[in-house]
Each structure stands twice: as structure tokens, then as C-alpha cells.
Amino acid sequence: MQPPIDVLIVGAGPVGLALAIGLTRASLRVRIVDKAPETKREQRAAVVWPRAAEVLADLGIARAFEDAANPLHSADVYAAGRRLGRLDVGHVHSAHPHPLIIEQHETERLFADHLQSLGVRVEWRTEAVDVRLFEDRAEVLVRRPDGARETLTSAWVVGCEGTRSLVREKVGIPFTGVRRENLQVVQVNAVPTWRFPPSRVHGYFFLDPRVSVGVYPIPSGGYRFFCFLTDPDPRRKDPPTLAEMRDLIAAAARAPELDLAPTAPLWLNRARFQDRVATTLRRGRALLAGDAAHAWAPVGGHGMNAGIRGAHNLAWKLAAVVCGESHPRLLDTYSDEQRATARAIMSEMRFNLLELPLPPLALHAVRAALPLALRSRAVRRRIEFVLSDLGMHYRASALSRQRVPGRHLHAGDRAPDVPVVADGARAMLHRLLSPRHWTLVLPAAPEHGAAVRRAREVAAAFHAPIRVAPVAPAGATAARALGGDRLMILVRPDAHIGLLARCDDTRALAEYLDLFLVRA
């Protein structure tokens with residue numbers, strides 16, 4: 001018998017809610033439970049980078065986030081009291097180029113409200129206490145708010161309940177890694193009185209020996225102050241006092257006049273970290289996402305963003321499997337890709353010189369080199385591109401096949417969002433993409449008409465929806481980004497390139513689709 005639920009999600013944080021929205025929009029039957037009484041009241045994660053904002057657009061909620069957030073335009077960088085320069089952002093090639101400053105409790109509220117508008121309510125005060133897997137289903141024992149126990153049966157279960165994941169523990173997936181030594185973060189939300197002018201769109205970094213202070217304007221008023229520093233006494237667990245935060249920030253910013261008025265409700269936080277990744281994100285009919293799958297120090301603010309992008313990756317693949325469009329082995333590519341993403345972020349953020357607390361000698365080198373770097377447009381754009389997550393790729397995935405050499409374009413990359421002409425109208429390429437179908441981008445020139453017809457025949461042989469989109473690049477920049485006018489670019493539902501081949505290589509197309517998709 002078919003289980004009454006397609007997917008049961010355990011954990012209603014940002015990742016679980018994003019996954020529930022993606023699956024519900026794909027017409028799956030979804031339930032989501034959480035032992036908490038409601039969405040979080042702690043501020044926690046505070047930034048949505050452009051690639052995650054593109055995911056929000058696919059989920060139909062980007063406008064709500066943009067209305068509720070502060071768009072970040074720039075940040076000044078100081079070291080030991082000296083202004084080194086300004087990092088300006090908002091120049092990446094995306095429909096959502098600006099980072100959005102929005103705190104996690106507001107993110108969760110927007111997600112929960114949107115999910116409810118789709119007809120799915122979070123079942124709060126409902127705790128998962130056991131998980132059992134079978135060949136054709138998963139069974140999750142939950143404790144209801146009144147203490148009664150009930151077994152929920154679903155085709156699939158996804159653990160999104162954080163680093164202490166019960167789903168991960170019950171299905172026996174190790175969570176390997178180590179504690180991050182000599183690093184802590186202390187944070188406060190407050191309205192400062194100091195010489196730096198207030199702004200909704202501008203932030204600051206203050207670097208000092210063994211401490212880095214980041215300052216971002218938050219939508220509710222005031223600023224988020226987050227301070228990465230060394231950890232001489234790891235036994236200390238209490239949050240910092242307001243006076244401690246004031247003295248720490250004033251010293252790093254060389255602002256003895258600083259006064260901090262905490263925002264309501266008062267929020268002071270001290271956190272330490274572990275770098276851990278689950279050994280697999282899939283075991284049978286159980287999957288892991290978000291902090292249940294991976295966790296690291298929040299240098300760069302990429303944790304929640306990686307989780308939301310992972311939910312996007314998982315949603316279209318799980319929907320394709322449930323709907324009979326793809327073979328279940330497609331889900332193994334989610335595990336491989338998301339684990340590789342976690343490792344890449346951990347590696348990259350160990351070189352984040354704007355946020356990691358640096359010893360005096362390293363800070364001296366940064367102070368000498370950074371002014372010149374920030375005066376270089378190329379360097380600023382490179383820093384922005386890394387922060388945006390638009391360069392995160394799946395090139396090593398089994399789902400990425402490159403049949404032609406690529407200089408600007410690689411299988412596994414996010415498809416470039418460049419202007420094209422399709423059906424006689426100019427549009428950005430991402431307007432042709434959708435999480436509900438694959439998109440086969442082909443050259444629209446008349447001499448390639450036969451190749452387009454053969455590609456349509458191949459695409460029609462499969463159960464999964466595949467949109468064939470003949471396009472012409474609108475300009476030399478677009479042509480270069482798309483690798484010329486003789487390529488076949490098969491774009492996955494999450495906007496990453498699956499196959500890159502010659503436009504007339506329909507054999508490569510059929511072989512690729514047969515790897516994971518089901519023929520009609």
C-alpha cells in the first residue's frame with residue numbers, strides 16, 4: 001500500500017521549511033514536525049547571499065524576503081584604526097545581486113507563513129522519538145503535545161533537526177569531524193552611538209590582533225555586532241555582558257565614545273563550533289539536510305545559505321523519484337554534492353581574512369596589502385563572487401558530464417544568467433529555467449534546426465519534463481558565457497548544468513538521460 005505521506009520532515013528550521021515548500025510546490029504530500037513550540041525567537045543567521053536568494057525566487061518567496069530585509073551595498077574595512085578601503089557589492093550577474101540582511105527568526109516566520117499559504121502547517125510540539133526504515137517506507141514514532149504517541153508512516157523521511165539529529169542517530173549515520181580549536185564568536189544586537197554614520201545598506205569590518213568585528217544593519221533597527229576572537233578559556237559558557245561587548249567593539253573600532261543600547265528583546269550570544277559532516281546524507285529511505293548533515297564555524301555566514309541551497313537540490317530530486325520520473329539512485333547525487341559543498345565551504349572559509357581573528361604579524365600583512373587589493377575592481381569583484389555562492393559547483397558529481405572542452409562553461413556549474421533571444425523575444429536565461437523541469441538550451445540558428453528536432457525527439461522519450469529552448473546569445477558577452485553557438489547545455493531543475501556537449505550530439509544526450517531518468 002502507498003504510504004499516506006510522501007515525505008515526513010523532522011525539524012522546522014529554515015532548511016526543513018524550505019524543503020517542505022519545494023516539495024509542496026511539486027505537489028507532494030508533505031508533513032513537517034518539530035518539538036519546539038513555535039518558530040525560533042533567537043536571531044542567529046543574519047544574511048542571505050545571492051545564490052540562496054535565487055533559490056528563494058524558485059520557492060516563490062523572494063519578494064517577501066526583499067521587502068523584509070536590508071539590502072547590503074557596501075562595507076568599510078578598518079585595521080588597527082586605519083581605514084583600508086571599501087568593499088562594494090551588488091555587481092554579480094543575478095536577478096538578486098545584493099546580499100540580504102535578515103535575521104533567522106524572521107526568515108523562519110516568512111518560510112512558515114508561506115508554507116501555510118500552500119496548505120501545510122507545521123506540527124509544533126511534536127517530537128520524533130524513534131525512526132524505523134523498511135524497503136518501501138519509513139516509520140517515525142512521535143510524541144504529541146498531550147504526551148500521546150503516534151506512528152507516522154511516509155515513503156521518505158528527512159532529518160532537518162540540527163546537529164543533534166535523532167534521524168541521523170537512529171539510522172546509524174556517523175557525524176565525523178572535530179571541534180574548532182581556539183575560535184569563538186560573541187554577538188549582540190544594539191543601536192550604537194559613535195562617530196560612524198548610520199545606514200540601512202552599509203556595514204563595517206574592524207580588524208585588530210586576534211579579533212575581528214563585523215557590523216551589519218538589521219531591519220528591525222540598529223546593528224548586529226559579531227566578533228570572532230580567540231578562545232583562551234573554552235570552559236566559559238555564559239553569554240557576554242553588554243559591557244564586555246561595548247569594550248571589545250570600542251577597542252577594535254578605536255571608538256572610545258561608543259555606547260550600545262541593546263535592542264528588544266535583549267540578545268547576547270557566545271558560541272563555539274565543530275567542523276563535522278555526516279558520512280552519507282542518505283541511508284535507505286532516510287535523508288539528512290542542513291545542520292543534521294553538516295556543521296562548521298559561521299565564518300562568512302554560509303551555513304544557513306548552504307542548507308537552503310541543499311534543500312533546493314534535494315527537493316527536485318526527491319520529487320522526481322516520488323513521481324516516478326527518476327531512479328532512486330538520483331538521490332545519491334544529492335548526498336555526494338552536498339557533502340562536497342560542505343567540504344568546499346570549510347576549506348574556503350579558513351582563508352577568510354576579513355572575519356578570522358589574525359595574529360599581529362598576519363594582521364600587519366593584511367593591513368599592508370588590503371588597501372591596494374580593495375582599489376582593484378577585479379579583486380573586489382572576485383571577493384564578491386566568492387561571497388555570493390554563485391561559483392559553488394558540482395563539477396565532480398556523477399550528474400555532471402562534460403563532452404566538450406570548456407573554458408568559460410563547465411558541467412556542474414550554475415548556468416550563467418545572461419541575456420538571450422528566445423522565440424523572438426529578449427529575456428534573461430534564468431527566466432527560461434524552472435525547478436519543475438529540465439531545460440535543454442540549444443542554438444537557435446537555422447543551420448542547427450535538424451539538431452534541435454532530434455533533441456526534441458530524445459527529450460520526449462522520457463517521463464521527466466524537459467523543455468527544449470533554442471536561444472541566441474544577445475551580445476558578445478552572453479555568447480562567451482554560453483561557450484559559443486554550437487553547444488548543447490542541459491540545465492537541471494536547480495539551474496546547474498548537467499550535460500555539456502555539441503549541439504548535434506543527441507547520442508550523448510540520450511545516454512546521459514538514461515543514467516538517471518525513466519523513459520516514458
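Would you call CYS160 farther than 30 Å from ARG29 by Cβ and either open to solvent by less than 10 Å² (accessible area, probe 1.4 Å) or not aliphatic (A, V, I, L, M) (or both)? Give the derivation first.
Values: farther than 30 Å from ARG29 by Cβ: no; either open to solvent by less than 10 Å² (accessible area, probe 1.4 Å) or not aliphatic (A, V, I, L, M) (or both): yes.
Considered against the rule, which asks whether it is farther than 30 Å from ARG29 by Cβ and either open to solvent by less than 10 Å² (accessible area, probe 1.4 Å) or not aliphatic (A, V, I, L, M) (or both), CYS160 comes out as no.
Since LEU490 meets every condition but one in (1) crowded, with 20+ Cβ neighbours inside 10 Å; (2) more than 22 Å from HIS327 (Cβ to Cβ), which condition does it not meet?
Exception for LEU490: condition (2).
I'm told TYR334 meets every condition in (1) at pLDDT 95 or above; (2) of a type outside the set (D, E, K, R); (3) open to solvent by 10 Å² or more (accessible area, probe 1.4 Å) except one. Can you identify the failing condition by its number?
(3)
Would you point out which residue out of ALA362, ALA368, ALA378, ALA311 is touching a residue at least 40 places away in the same chain (Cβ under 8 Å) and not hydroxyl-bearing (Ser, Thr, Tyr)?
Values: ALA362 fails: touching a residue at least 40 places away in the same chain (Cβ under 8 Å); ALA368 fails: touching a residue at least 40 places away in the same chain (Cβ under 8 Å); ALA378 fails: touching a residue at least 40 places away in the same chain (Cβ under 8 Å).
Every option except ALA311 fails the conditions.
Yes/no matrix, rows are residues, columns are (1) among the polar types (S, T, N, Q); (2) over 22 Å from ALA52 (Cα atoms); (3) in contact with a Ser or Thr (Cβ under 6 Å, 6 or more places away or on another chain):
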residue	(1), (2), (3)
ALA293	no, no, no
GLY301	no, no, no
ASN305	yes, no, no
LYS317	no, no, no
GLN338	yes, no, no
SER347	yes, no, no
HIS364	no, yes, no
ALA368	no, yes, no
LEU372	no, yes, no
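Of the residues in the stretch 12-29, how many are surrounded by fewer than 24 Cβ atoms within 10 Å (Cβ to Cβ) and on the phi < 0 side of the Ramachandran plot?
5
Could you please give the count of residues in the stretch 311-342 that are closer than 20 Å to LEU17 by Cα, touching a Phe, Trp or Tyr at 6+ places or on another chain (Cβ under 8 Å) and of a type outside the set (A, V, I, L, M, F, W, C)?
Residues in the stretch 311-342 being closer than 20 Å to LEU17 by Cα, touching a Phe, Trp or Tyr at 6+ places or on another chain (Cβ under 8 Å) and of a type outside the set (A, V, I, L, M, F, W, C): 2 in total.
Which residues, counting only those in the stretch 467-509, are touching a Lys or Arg at 6+ places or on another chain (Cβ under 6 Å) and outside any loop (DSSP other than H, G, I, E, B)?
VAL468, HIS496, GLY498, LEU499, ALA501, THR506, ALA508, listed by residue number.
Output the number of the condition that LEU207 fails; it satisfies all remaining conditions of (1) in contact with a helix residue (DSSP H, G or I) (Cβ under 7 Å, 6 or more places away or on another chain); (2) aliphatic (A, V, I, L, M); (3) surrounded by fewer than 15 Cβ atoms within 10 Å (Cβ to Cβ).
(3)
Would you mind stating whether SER212 is open to solvent by less than 60 Å² (accessible area, probe 1.4 Å), within 27 Å of LEU72 (Cβ to Cβ), free of Cβ contacts under 8 Å to residues at least 40 places away in the same chain and of a type in the set (Ser, Thr, Tyr)?
Criteria not met by SER212.
Open to solvent by 10 Å² or more (accessible area, probe 1.4 Å) and of a type in the set (S, T, N, Q): is that true of THR439 in this structure?
no
Does GLY147 qualify as being part of a loop (DSSP other than H, G, I, E, B) and without any contact (Cβ under 8 Å) to a residue 60 or more places away in the chain? First the steps, then the outcome.
Numbers: part of a loop (DSSP other than H, G, I, E, B): yes; without any contact (Cβ under 8 Å) to a residue 60 or more places away in the chain: yes.
Yes; evaluated as a whole, the condition is true for this residue.
Does GLY222 fit the bill of being open to solvent by less than 40 Å² (accessible area, probe 1.4 Å) and within 13 Å of THR193 (Cα to Cα)?
yes
The values are calculated or read from the model by the stated rules, or taken from the named source; none is laboratory data. Everything quoted here is computed from the prediction, not taken from an experiment. When we count neighbours, we look across all protein chains shown, and the Cβ atoms used for this are built from the backbone with ideal geometry, even at glycine. Ligands, DNA and RNA are excluded from the accessible area calculation, which covers all protein heavy atoms including side chains. Shrake-Rupley method; radii C 1.70, N 1.55, O 1.52, S 1.80 Å.
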